[in-house]
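*Asks:* My questions will all concern the structure given below.
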Amino acid sequence: MFLKNLIFSLNATVPVFLMMVFGWFVHRVKLLDDHSTAQINKFVFRTLLPALLFMDLSTADFRSVWNGGFVLFCMCVTLLSVGIAVLYSLMTKEKSERGEIIQASYRSSAAILGIAFVNNIYGHSTMAALMIVGTVPLYNIIAVTTLAVTSPDKDKSRGKKALALNTLKSIATNPIILGIIVGIAWSLLKIPQPVILSKSVTYLGNMATPLSLIALGASVKFGEAKGKLPVTAGIAFIKLVLFCSIFLPVAVKLGFRGEKLIAILVMLGSATTGSCFVMAKNLGHKGTVTAFAVMLTTLCSAFTLTGWLFILKTLNYI
């Protein structure tokens, strides 16, 4: 079972890491320059990621499988995780990096990995979709707020009111949040999807992950990342070990089992999502800490997720 779980986790995570390595390679051989990479980041953020979330959420049957207690648990754990991430960020002297540290520490690959991970184990499950409802909107609202407030590019002369209005505008017009809202509304209203629309959205959604990872790899500057290993190692520990150690026992105590527990595990212990980097860059941050954190957590998560799966299976919780 351990070997089977290891192979499963490696199949899920190593291709992600290799796509980032590929992005770094094509940048090194001058097939992508910094301008092209920046344009790809904007394209992914404004079109492909919203299409991916709409694709996942619009086809989920929320009415028949709604579980308020499960969604509430996911929301509460997300908020507590953000609190822990904020405390960790205060340990760094570089104030301009705190927003990146907070986002990279709490934000998982819930939308990209969650559904695939649960479906690979149980065939098909809507629990991952419910987990996305409870976490991804919060992920994005908190990320936009945090990154906007801590952005090195923000005009220091603006007052608090102007900054607050700009942050609210960023949240209201955030393409990812809009994709989530439209996807959930589409599902709840049971609007049929014509084949032309369904295939077109699927094409766009399927491009989101590889393109975002290639752009992320192309943007990594190892010269700048050399001094970031201690802070990113801390992010990896929090993201892959600490959250699971704290909140998985609570989930078990509350009676969550099977696919619900797997969805919670993905929420807590999966790698930092590549969309963190896209959002950080689009909100005026360098993205160095984020990119390095995504690469490190992706590499390590193959082994940590396998370990958590092995423990849960051994204890007959899944």
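The values are calculated or read from the model by the stated rules, or taken from the named source; none is laboratory data. Every value quoted in this text rests on a predicted model; they were computed, and no experiment measured them. Counting neighbours? That spans all protein chains shown, and the Cβs are built from the backbone with ideal geometry, glycine included.
*Asks:* For the range 257-282, name all the residues that are among the small types (Gly, Ala, Ser) and either farther than 18 Å from residue 133 by Cα or over 13 Å from the mean Cα position of the chain (by Cα) (or both).
*Replies:* 258, 263, 271, 274, 280
*Asks:* For the range 162-181, what are the residues that are closer than 17 Å to residue 131 by Cα and at pLDDT 85 or above?
*Replies:* 179, 181
*Asks:* Which members of the range 39-65 meet the condition of being in a helix (DSSP H, G or I), farther than 20 Å from residue 109 by Cα and at pLDDT below 80?
*Replies:* Those that are in a helix (DSSP H, G or I), farther than 20 Å from residue 109 by Cα and at pLDDT below 80: 62, 63, 64, 65.
*Asks:* Could we say that residue 68 is out of contact with any helix residue (DSSP H, G or I) (no Cβ under 8 Å at 6 or more places or on another chain) and modelled with pLDDT of 85 or more here?
*Replies:* yes
*Asks:* Can you tell me which residue in the range 89-112 is surrounded by the most Cβ atoms within 10 Å (Cβ to Cβ), limited to those that are farther than 19 Å from residue 286 by Cβ and of a type outside the set (A, V, I, L, M)?
*Replies:* 106
*Asks:* Right, next: List every residue pair whose Cβ atoms sit under 7 Å apart, with the two residues 6 or more apart in sequence or on different chains, where the first one lies in the range 73-92 and is in a helix (DSSP H, G or I) and the second, anywhere, is basic (Lys, Arg).
*Replies:* Every condition considered, the pairs that remain are 89/98.
*Asks:* Tell me which of these residue 231 doesn't satisfy, since it passes every other one: (1) aliphatic (A, V, I, L, M); (2) under 30 Å from residue 48 (Cβ atoms); (3) in contact with a helix residue (DSSP H, G or I) (Cβ under 6 Å, 6 or more places away or on another chain).
*Replies:* (3)
*Asks:* Can you report the number of residues in the range 283-314 which are crowded, with 20+ Cβ neighbours inside 10 Å, closer than 15 Å to residue 104 by Cα and either hydroxyl-bearing (Ser, Thr, Tyr) or within 16 Å of the chain's Cα centre (by Cα) (or both)?
*Replies:* Of the residues in the range 283-314, 13 are crowded, with 20+ Cβ neighbours inside 10 Å, closer than 15 Å to residue 104 by Cα and either hydroxyl-bearing (Ser, Thr, Tyr) or within 16 Å of the chain's Cα centre (by Cα) (or both).
*Asks:* Determine whether residue 258 is modelled with pLDDT under 85, crowded, with 19+ Cβ neighbours inside 10 Å and at positive phi.
*Replies:* No: the conditions fail for residue 258.
*Asks:* Further, regarding this structure: Checking the structure you have, find out if any residue of the range 243-262 is in a helix (DSSP H, G or I), touching a Cys at 6+ places or on another chain (Cβ under 9 Å) and not acidic (Asp, Glu).
*Replies:* no
*Asks:* Does the range 136-151 include one or more residues that are at pLDDT 85 or above, assigned to a helix (DSSP H, G or I) and touching a Phe, Trp or Tyr at 6+ places or on another chain (Cβ under 6 Å)?
*Replies:* no
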